[in-house]
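First comes the structure, then the notes that go with it.
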Amino acid sequence: MKDSNFLRENNARHLWHPMAHPAEMQANPPAIITKAAGVRITDLDGHETIDAVGGLWNVNLGFSCAPVKAAIAAQLDALPYYSTFRGTTNDAVIELSWMLREFFAADGLTRAFFTSGGSDSVETALRLARQYHKIRGEAGRVKYLSLKKGYHGTHTGGASVNGNANFRTQYEPLLPGCFQIAAPYPYRNPFNESDPARLAQLCAAALEDEIAFQGPGTIAAFIMEPVLGAGGVIPPHESFMPMVREITAKHGILLIADEVITAFGRTGSWTGSRHWGVQPDMACTAKAITNGYFPFGAVMISEAVAEAFEQDRSGAGAIGHGYTYSGHPVGAAAAIACLKETERLAVHENAAARGAELFAGLKALQEKHEIVGDVRGGHGLMLALELVSDRAKKTPAAKDVTARIHEATYRAGVMVRISGPNIILSPPLILTAEEAAKIVSALDEGLAAA
Ligand SMILES: Cc1ncc(COP(=O)(O)O)c(C=O)c1O
């Protein structure tokens, strides 16, 4: 390994960082993380912090999960790679597909299509949705609906259904035929409605209106995150996703749940769809499926959608889609070990308990710090503080202020994520009550630096 001077001199010089301006990264080089254990990370200076970001919403089991590391090492010895394209498969991926079928049985999802990550999973689901309708003789169903503020990765299909201009403007033109409706975001919405239940109804009505306007027979799928994550942690009212399910089913539109963050326990339920009592037609997963130990993902598919493909005798059901690393044996071995640990530790229960503590702690911070405009959470370990310079006007906090808060929180022992005016928390699901309390106290110090 090169020495620390070399690392500092070359930091952000020869690589471009995702979601950042290259010049800004060169001017303010990112923290160099060199070690991690449990829920803690350590930087090049030896400064240790709790990782309240959980890697990037993915390291649910923390950084020291020995069974996952052992499974990866053993799989590398036995079979480091073989393709699952037509004609060959591997033992690990067969076992994993059986385990996922069991895990997602309550969501009505019984088949897996493997990918290399979340954006791949979204792209896969969008493409399979169009193909599903073509197989069934409805080739005109090609459009996609989604929510403003939604995040669905950065492939062109995913970016086209994204609901945030940051990921769109510089890459336009995107896919035609993608339309977003207002998100059920009580703090800011075009209806000026702060009651979550009434807002959910207004957004559902907007969805009905858009479907009528486009024509149901032109729409392939509606995609949504059960709890919007990267857009600022926006949990919809409990009535929202069930209403969406009813509306989409009524119009023959597939419901794709983007569970890249929410699957495997983060909301306090095993899946985000189950959290709301909804069975989607497909679910996109990635992240915690391998806890960040290997890039991997899976699209889970309902029995009804699967039947359309499997019973097709015309050839239209042949899947012309896939990745070199679909069903990678090392990823599959990692996922098997993760799933066993995830279930053994019942991490969803801890996510619910620690999430409730953090939510209460953040609300107390709102009482104390004028800069905290909105606190969002209440559904496991995904929470956010929205920062404003003026509470009455809801003016978003300036970038230099959020940067100061980030740095002061980090110095106080906790890494958090800043996204626009939001501080986002998505810690590992194995967090203890003491660690949850430490996150709140470090944020208290951080906010004092505003
Ligand atoms: C809901 C959702 N979908 C898709 C993605 C994209 O996943 P990836 O970054 O693994 O491509 C993300 C990433 O954060 C996500 O949160």
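With of a type in the set (D, E, K, R), within 19 Å of Ser239 (Cα to Cα) and in a helix (DSSP H, G or I) as the only criterion, which of Glu208, Glu193 stands out?
Exactly one of Glu208, Glu193 is of a type in the set (D, E, K, R), within 19 Å of Ser239 (Cα to Cα) and in a helix (DSSP H, G or I), namely Glu208.
Check Val347 against each of (1) touching a residue at least 60 places away in the same chain (Cβ under 8 Å); (2) over 29 Å from Gly265 (Cα atoms) and name the one condition it does not meet.
It fails just one condition, (2).
Taking the criterion of being of a type in the set (Asp, Glu), in contact (Cβ under 8 Å) with a residue 24 or more places away in the chain and surrounded by fewer than 19 Cβ atoms within 10 Å (Cβ to Cβ), would at least one residue in the range 24-35 satisfy it?
No, there is no match, as no residue in the range 24-35 is of a type in the set (Asp, Glu), in contact (Cβ under 8 Å) with a residue 24 or more places away in the chain and surrounded by fewer than 19 Cβ atoms within 10 Å (Cβ to Cβ).
I'd like to know if the range 322-329 contains one or more residues that are within 16 Å of the ligand (Cβ to nearest atom) and surrounded by 24 or more Cβ atoms within 10 Å (Cβ to Cβ).
The answer is yes, given that some residue of the range 322-329 is within 16 Å of the ligand (Cβ to nearest atom) and surrounded by 24 or more Cβ atoms within 10 Å (Cβ to Cβ).
Take Ala92 and tell me if it is modelled with pLDDT of 95 or more and within 20 Å of Met224 (Cα to Cα).
Here the answer is no, as Ala92 does not meet what is asked.
So the check is Cβ under 7 Å with 6+ separation or different chains; which pairs have a first residue in the range 258-275 that's farther than 19 Å from Ile336 by Cα and a second one that's near the ligand (Cβ under 10 Å from one of its atoms) and not in a loop (DSSP other than H, G, I, E, B)?
Asp258/Val122; Asp258/Ile223; Asp258/Met224; Asp258/Cys284; Gly272/Ala257; Ser273/Ala257
Could you go through the range 227-236 and let me know if any residue there is among the aliphatic types (A, V, I, L, M), touching a residue at least 24 places away in the same chain (Cβ under 8 Å) and assigned to a strand (DSSP E or B).
Within the range 227-236 (the criterion being among the aliphatic types (A, V, I, L, M), touching a residue at least 24 places away in the same chain (Cβ under 8 Å) and assigned to a strand (DSSP E or B)), the answer is yes, since at least one residue qualifies.
Pairs under 8 Å by beta carbon, first residue within 23 Å of Ala306 (Cβ to Cβ) in the range 135-147, partner surrounded by fewer than 19 Cβ atoms within 10 Å (Cβ to Cβ) and modelled with pLDDT under 95, six or more apart or different chains?
none
Do we have any residue at all in the range 332-346 that's away from the ligand (no atom under 16 Å from the Cβ) and in a loop (DSSP other than H, G, I, E, B)?
Among the residues of the range 332-346, at least one is away from the ligand (no atom under 16 Å from the Cβ) and in a loop (DSSP other than H, G, I, E, B), which makes the answer yes.
So Leu174 fits all but one of (1) of a type outside the set (Gly, Ala, Ser); (2) free of Cβ contacts under 8 Å to residues at least 24 places away in the same chain; (3) away from the ligand (no atom under 16 Å from the Cβ); (4) in a loop (DSSP other than H, G, I, E, B); what number is the exception?
(3)
Among the residues that make up the range 302-309, is at least one of them in the same structural domain as Arg245 (by TED's automatic domain parsing), over 20 Å from Thr124 (Cβ atoms) and aromatic (Phe, Trp, Tyr)?
no
For the range 37-149, list the strands (runs of 3 or more DSSP E) that sit wholly inside it and hold at least 3 residues that are more than 16 Å from the ligand (Cβ to nearest atom); which are they?
40-43, 48-51, 109-115
Might you check whether a residue that is in a helix (DSSP H, G or I) and within 16 Å of the ligand (Cβ to nearest atom) occurs anywhere in the range 309-317?
No.
Results for (1) closer than 23 Å to Gly157 by Cα; (2) surrounded by 24 or more Cβ atoms within 10 Å (Cβ to Cβ), shown as yes or no for each residue.
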position	(1), (2)
Met241	yes, yes
Leu254	yes, yes
Arg266	no, yes
Cys284	yes, yes
Asn291	no, yes
Glu303	no, no
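Does the range 135-150 hold any residues that are surrounded by 18 or more Cβ atoms within 10 Å (Cβ to Cβ), out of contact with any Ser or Thr (no Cβ under 8 Å at 6 or more places or on another chain) and not aliphatic (A, V, I, L, M), and which are they?
Answer for the range 135-150, where residues must be surrounded by 18 or more Cβ atoms within 10 Å (Cβ to Cβ), out of contact with any Ser or Thr (no Cβ under 8 Å at 6 or more places or on another chain) and not aliphatic (A, V, I, L, M): Ser146, Lys148, Lys149, Gly150.
For the range 179-191, indicate whether the set of residues that are in contact (Cβ under 8 Å) with a residue 60 or more places away in the chain, more than 15 Å from the ligand (Cβ to nearest atom) and closer than 25 Å to Arg86 by Cα is non-empty.
Within the range 179-191, not a single residue is in contact (Cβ under 8 Å) with a residue 60 or more places away in the chain, more than 15 Å from the ligand (Cβ to nearest atom) and closer than 25 Å to Arg86 by Cα.
What pairs come out if I take residues in the range 112-133 that are on the phi > 0 side of the Ramachandran plot and pair them with residues that are within 16 Å of the ligand (Cβ to nearest atom) and part of a helix (DSSP H, G or I) whose C-beta lies under 6 Å away, six or more apart or interchain?
If the second residue must be within 16 Å of the ligand (Cβ to nearest atom) and part of a helix (DSSP H, G or I), no pairs are left.
Being under 29 Å from Pro226 (Cβ atoms), touching a residue at least 40 places away in the same chain (Cβ under 8 Å) and surrounded by fewer than 16 Cβ atoms within 10 Å (Cβ to Cβ), is that true of even one residue in the range 394-403?
Within the range 394-403, one or more residues are under 29 Å from Pro226 (Cβ atoms), touching a residue at least 40 places away in the same chain (Cβ under 8 Å) and surrounded by fewer than 16 Cβ atoms within 10 Å (Cβ to Cβ).
Output yes when any residue across the range 163-180 is crowded, with 23+ Cβ neighbours inside 10 Å and under 22 Å from the mean Cα position of the chain (by Cα), and no when none is.
no
Identify the residue in the range 195-217 that is over 17 Å from Leu228 (Cβ atoms) and free of Cβ contacts under 8 Å to residues at least 24 places away in the same chain and, among all such residues, is surrounded by the fewest Cβ atoms within 10 Å (Cβ to Cβ).
Phe213
The values are calculated or read from the model by the stated rules, or taken from the named source; none is laboratory data. Source: prediction; values computed, not measured. Glycine gets a Cβ as well: all are built from the backbone with ideal geometry, and neighbour counts include every protein chain shown.
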